[in-house]
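**Student:** Before we start, here is the structure in question, set down as structure tokens.
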Amino acid sequence: MINSMKGFTLVETLVAVLMLSLAIAGPLTIASKGLNATVVAKDQFVSFYLAQDAMEYVRFARDSACLVAGGGATGCPSASWLSSLSPCVSTNGSASCYFDSLGTNPAIATACSGTCPAMRYDSTLRVFNYNASVPITPQNFVRTVSIKNDPGGTSPDEALVTITVSWSDIAGVVHAPITIR
């Protein structure tokens, strides 16, 4: 007698489910990797801008001091422009400091004791600062500024400014720091 029942066997069903799972898992893995790369790229952009922001603040301090001191086409009359950034300055570049480029918190450059504190994102004002009343951002950006100046050298009004921004992402993964000079 011939079996008149038609349909899928259990093995055929399991193979079909496996093939469907593989067809769905591939694109989901690619989308997950793409999303992770986007988050890392966003954090890199933020760290670049935080480093640029600090460099612009140092330039602002230099230009303001030069204008006050009467510097013209010949430049600043002395290295006094570093006085507002004195916690950041050393002759070998070993001093480090942090500051809020908007001048609110802290209002002046402050020396780092050990490691510099993490920056906090104020979602109301949409700025990064060091205000302790603002919750720390999940990215945990740490910006360190050091200035090397040789007052007895050939160019006492010049200085080497090094700004490093390091961070860890939401998952706690520490990424390579951004350093500009």
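**Student:** Multiply the residue separation of residue 107 and residue 91 by 0.36 nm, subtract the distance between their alpha-carbon atoms, and state the gained length in nm to one decimal.
**Tutor:** Values: separation 16, 0.36 × 16 = 5.76 nm, distance 2.43 nm.
Going from the current span to full extension adds 3.3 nm.
**Student:** Residue 64 versus residue 80, label points 7 Å from Cα toward the beta carbon: distance in nm?
**Tutor:** According to this spin-label approximation, the distance is 1.6 nm.
**Student:** With all protein chains present, how much of the accessible area of region 99-154 (probe radius 1.4 Å) comes from carbon and sulfur, to the nearest whole percent? Provide the component values of the computation, followed by the final result.
**Tutor:** Values: 1660 of 3050 Å².
Ligands and nucleic acids excluded, carbon and sulfur give 54 percent.
**Student:** Enter the accessible area per residue of the chain (Å², integer; probe 1.4 Å; all protein chains in place). Display every interim value, and only then the final one.
**Tutor:** Values: 11610 Å² over 181 residues.
About 64 Å² of surface per residue is accessible.
**Student:** Using all C-alpha to C-alpha distances in the chain, build P(r) with 10 Å bins and read off the rounded percent in each one.
**Tutor:** Values per bin, smallest distances first: 8, 27, 23, 14, 8, 6, 5, 4, 3, 1, 1, 0.
**Student:** Further question on the same structure: Starting from the Cα-Cα distance between residue 6 and residue 44, subtract it from 0.36 nm times their residue separation and give me the gain in nm to one decimal. Write out the running numbers ahead of the final one.
**Tutor:** Working: separation 38, 0.36 × 38 = 13.68 nm, distance 5.93 nm.
That works out to 7.7 nm of additional length.
**Student:** Same structure, new question: Estimate the FRET efficiency between residue 55 and residue 32 by the formula 1/(1 + (r/R0)^6), using the beta-carbon distance for r and 30 Å for R0, to the nearest 0.05. Numbers along the way, then the final one.
**Tutor:** Working: r = 36 Å, r/R0 = 1.18.
According to the calculation, E is roughly 0.25.
**Student:** Straight-line reach only, C-alpha to C-alpha below 25 angstrom: list the lysines that residue 33 could link to, leaving out same-chain residues fewer than 8 apart.
**Tutor:** 42
**Student:** Charges only on Cβ, +1 for Lys and Arg, -1 for Asp and Glu: so what's the dipole of the chain about the Cα centre, in debye to the nearest 20? It would help to have the intermediate numbers written out before the result.
**Tutor:** Values: 10 positive and 11 negative charges, 79 e Å.
Using Cβ point charges on Lys, Arg, Asp and Glu, the chain gives about 380 debye.
**Student:** Same structure, new question: Identify, among 102, 82, 29, the residue whose Cα sits farthest towards the positive end of the charge dipole of the chain, taking +1 on the Cβ of Lys and Arg and -1 on the Cβ of Asp and Glu, with the dipole about the Cα centre.
**Tutor:** 29
**Student:** Now a separate question. Rounded to the nearest 500, what is the 222 nm mean residue ellipticity of the chain from helices alone, with -39500 (n - 2.57) per DSSP H run of 4+ residues and division by all residues?
**Tutor:** Working: 1 runs with 60 residues, N = 181.
So the calculated ellipticity at 222 nm is -12500 deg cm²/dmol.
**Student:** Any idea which of 179, 11, 139 is furthest toward the positive side of the dipole for the chain, if Lys and Arg beta-carbons carry +1 and Asp and Glu beta-carbons -1?
**Tutor:** Of the candidates, 11 comes out farthest on the positive side.
**Student:** In whole percent, what relative contact order does the chain give with Cα contacts below 8 Å and a gap of six or more residues? Could the numbers behind the result be given before it?
**Tutor:** Details: 259 pairs, mean separation 32.8, N = 181.
That works out to 18 percent.
The values are calculated or read from the model by the stated rules, or taken from the named source; none is laboratory data. On a predicted model such as this, the values are computed, not experimentally measured, just so you know. Cβ sites come from the backbone with ideal geometry, for glycine too, and all protein chains shown count toward neighbours. Only protein heavy atoms, including side chains, enter the accessible area calculation; ligands, DNA and RNA are left aside. Shrake-Rupley method; radii C 1.70, N 1.55, O 1.52, S 1.80 Å.
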